[in-house]
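J.: Structure below; questions to follow.
The values are calculated or read from the model by the stated rules, or taken from the named source; none is laboratory data. Because the structure is predicted, anything quoted here is derived from the model rather than measured. A quick note on method: Cβ atoms are made from the backbone with ideal geometry, for glycine too, and the neighbour counts reach across all protein chains shown.
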Amino acid sequence: MLVIGGGAAALAAAIDAAAAGASVRLLDAAPPALLGGNTRHSRNFRCSHDAPTPWTPDAYPPAQFRADVLRATGGGADPVLLEALVQQSRALPDWLLAQGVALQRPAQGPLPYSRRTAFFLGGGMAAVRALADRALALGVDMVPGCAAHALVLRGRRMTAVVTDQGSMSAGACVLACGGAHADPAWLARHWGAAARGFVNRGTPHVRGELLQWLLAQGAAAAGDPAGLYLVAVDARSPAHDGGIVTRIRGMPLGVVVDRQGRRRHDEGADTASTRYSRWGQRLAAYPEQTGWLVLDDPGLRAAPAALYPPLRAPDIASLAVLCGIDPAGLEATFTAYNAAVRAPAQSDAAAGWRTACLDPPKSAYARPILEPPFAAYPMRPGVTFAHHGIAVDACTRVRWTDGTVLENAFAAGMLMAANLIPQGYVSGLAVSISLVFGRIAGRAAVQAAGRPAAPLPEPDQGHFERAEPDPAGPVT
């Protein structure tokens, strides 16, 4: 069987299929250094558990997992797939450990408290390397730099996959190659000129060729083609692959302005993790999709660490010139803001500070911004993934618009995640979807193949090689 993709879903499918005795070839559009897709930038995954575990404190019962997803998605998650995700997420820690993936104990290192998610020791890159080593040890033939473009169909059965290296036949395939959000033309089709201001946080190799081919042939779509999970990232980030470290998080501690120096939203209203996506969506509507988080010295010292240093100046007018913001507009905004600040009546808690008679208001954390030097972070919307993909049935078979399914072609990971998250998001969900449904698709593909496939042709490019153990031992 063939597995298309190189992230968590593809690796999970390949591992479970190979463990079941299948002959598996994994085709990844990325070069070897970028194996893992967006999983390289992940740090945790969501899993249900009824009691504390070595990797998660307290309990996170299935009902709460289910409720969190339904709340985030406005009830849009497919109920059958959601139940499979919630129940099978319970096995993920043990399965990952069995594949050689190390998990981090809550007492190790400066981790945030999380009973909902478990963390990879060493982050997503370490997890990808361990999964790849496990796949190679099981005999999976991993071919980098080989993109898939189309399927060869006979009725509702796949007989081969058309790739950069020619047509490869197989008894079944798992499609785990993600959506199309790294393709500028696809983004422009759905977002217009605004797409030019977006930054792709993840792999540049998720360009949606197979997704768009499937839709053109009659596959049923899931989600909204214009739906993107956007977060605020530093505008100086690379166009692709900057990852989680490019995120900007200190909005409640300052003010956010556009190029004219105007505030557009209440910076104190969003303090939960949802603020990342809310500010990403807001920035998409800013002129040139660019805003600035402006802080004074106390605000900067209290702000979370950022990858890039802020722009600094001794006064607001100089900062405006440095950033390319209208100086008069920014000074007027700060004059009005500081005049509107009101201290809390009873407490000195930062959350109690508010503004009065200011539009838009700042409903919390509205301390005066007066102490130099002043600093600014330029921000743009960062694309994490698209809320759009292929519809699947309970076995992850690709659904067709006429109600039929492809008998031996299965979708996993972000290619089918819109069945579960047509909008919204909660932390660690993408990795859990990828692992759970990668495993489901891998096992289903083995059954659908029915018998050993014909030998696969030799690819033209080099394969991945298993990493040899470091004689000095693992780095922790």
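J.: For residues in region 147-162 being crowded, with 22+ Cβ neighbours inside 10 Å and closer than 25 Å to Thr39 by Cα, which is nearest to the chain's Cα centre (by Cα)?
T.: Ala148
J.: Out of (1) surrounded by 16 or more Cβ atoms within 10 Å (Cβ to Cβ); (2) touching a residue at least 12 places away in the same chain (Cβ under 8 Å), what's the single condition that is false for Pro360?
T.: The failed condition is (1).
J.: Give region 164-183 a look and list any residue that's over 24 Å from Gly227 (Cα atoms), assigned to a strand (DSSP E or B) and touching a Leu at 6+ places or on another chain (Cβ under 6 Å), or say none.
T.: Hits for region 164-183 are Met168, Cys173.
J.: Further question on the same structure: Within region 286-299, is there a residue that is surrounded by fewer than 17 Cβ atoms within 10 Å (Cβ to Cβ), within 27 Å of the chain's Cα centre (by Cα) and within 16 Å of Ala235 (Cβ to Cβ)?
T.: yes
J.: Checking the structure you have, find out if any residue of region 53-65 is assigned to a helix (DSSP H, G or I), crowded, with 19+ Cβ neighbours inside 10 Å and modelled with pLDDT of 95 or more.
T.: Taking every residue of region 53-65 in turn, at least one turns out to be assigned to a helix (DSSP H, G or I), crowded, with 19+ Cβ neighbours inside 10 Å and modelled with pLDDT of 95 or more.
J.: I've got another one for you. So which residues in region 88-140 are at pLDDT below 95 and of a type in the set (Ser, Thr, Tyr), if there are any at all?
T.: Tyr113, Ser114
J.: I'm told Pro474 meets every condition in (1) surrounded by 15 or more Cβ atoms within 10 Å (Cβ to Cβ); (2) modelled with pLDDT under 95 except one. Can you identify the failing condition by its number?
T.: Going through (1) surrounded by 15 or more Cβ atoms within 10 Å (Cβ to Cβ); (2) modelled with pLDDT under 95 one by one, Pro474 breaks only (1).
J.: Would you confirm, using the coordinates I've provided, whether Leu322 is over 26 Å from the mean Cα position of the chain (by Cα) and crowded, with 19+ Cβ neighbours inside 10 Å?
T.: The answer is no for Leu322.
Residues checked against (1) among the acidic types (Asp, Glu); (2) at pLDDT 95 or above:
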{"site": "Arg312", "(1), (2)": "no, yes"}
{"site": "Pro327", "(1), (2)": "no, yes"}
{"site": "Glu331", "(1), (2)": "yes, yes"}
{"site": "Ala336", "(1), (2)": "no, yes"}
{"site": "Ser347", "(1), (2)": "no, no"}
{"site": "Gly352", "(1), (2)": "no, no"}
{"site": "Leu358", "(1), (2)": "no, yes"}
{"site": "Phe374", "(1), (2)": "no, yes"}
{"site": "Pro381", "(1), (2)": "no, yes"}
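J.: Restricting to region 342-357, name every residue that is part of a loop (DSSP other than H, G, I, E, B) and touching a residue at least 12 places away in the same chain (Cβ under 8 Å).
T.: Result: Trp353, Ala356, Cys357.
J.: Among the listed residues Ala135, Ala126, Ala118, Ala91, identify the single one that is part of a helix (DSSP H, G or I) and either of a type in the set (Lys, Arg) or crowded, with 21+ Cβ neighbours inside 10 Å (or both).
T.: Going through Ala135, Ala126, Ala118, Ala91 in turn, just one is part of a helix (DSSP H, G or I) and either of a type in the set (Lys, Arg) or crowded, with 21+ Cβ neighbours inside 10 Å (or both): Ala135.
J.: Here's a check for you: in region 322-346, which residue that is of a type in the set (A, V, I, L, M) and in contact with a Phe, Trp or Tyr (Cβ under 7 Å, 6 or more places away or on another chain) is farthest from Tyr286 (Cα to Cα)?
T.: Ala343
J.: Looking at region 287-307, which of its residues are touching a Pro at 6+ places or on another chain (Cβ under 9 Å) and not in a helix (DSSP H, G or I)?
T.: Residues satisfying the conditions are Thr290, Gly291, Trp292, Leu293, Leu295, Asp296, Ala303.
J.: For the condition touching a Cys at 6+ places or on another chain (Cβ under 8 Å) and surrounded by 24 or more Cβ atoms within 10 Å (Cβ to Cβ), what is the one hit in Ala29, Ala18, Ala13?
T.: When all the criteria are applied, what remains is Ala29.
J.: Looking at region 198-214, which of its residues are more than 25 Å from Ile244 (Cα to Cα) and crowded, with 24+ Cβ neighbours inside 10 Å?
T.: Leu210, Leu211, Leu214
J.: While we're on this one: Give the residues of region 390-424 that are at positive phi and either buried (at least 23 other Cβ atoms within 10 Å of the Cβ) or touching a Gly at 6+ places or on another chain (Cβ under 9 Å) (or both), sorted by residue number. Let's see the steps before the verdict.
T.: Going residue by residue through region 390-424, those that are at positive phi are 396, 403, 413, 424.
Scanning region 390-424 gives Thr396, Gly413, Gly424.
J.: Of the residues Ala366, Ala375, Ala336, Ala345, only one is farther than 13 Å from Gly268 by Cα, surrounded by 15 or more Cβ atoms within 10 Å (Cβ to Cβ) and assigned by TED's automatic domain parsing to the domain that holds Gly261; which?
T.: From the options Ala366, Ala375, Ala336, Ala345, the qualifying one is Ala375.
J.: Do we have Ala98 as farther than 15 Å from Ala430 by Cα and in contact with a Gly (Cβ under 7 Å, 6 or more places away or on another chain) here?
T.: no
J.: On the given criteria, is Arg207 under 30 Å from Pro368 (Cβ atoms) and assigned to a loop (DSSP other than H, G, I, E, B)?
T.: It is false that Arg207 is under 30 Å from Pro368 (Cβ atoms) and assigned to a loop (DSSP other than H, G, I, E, B).
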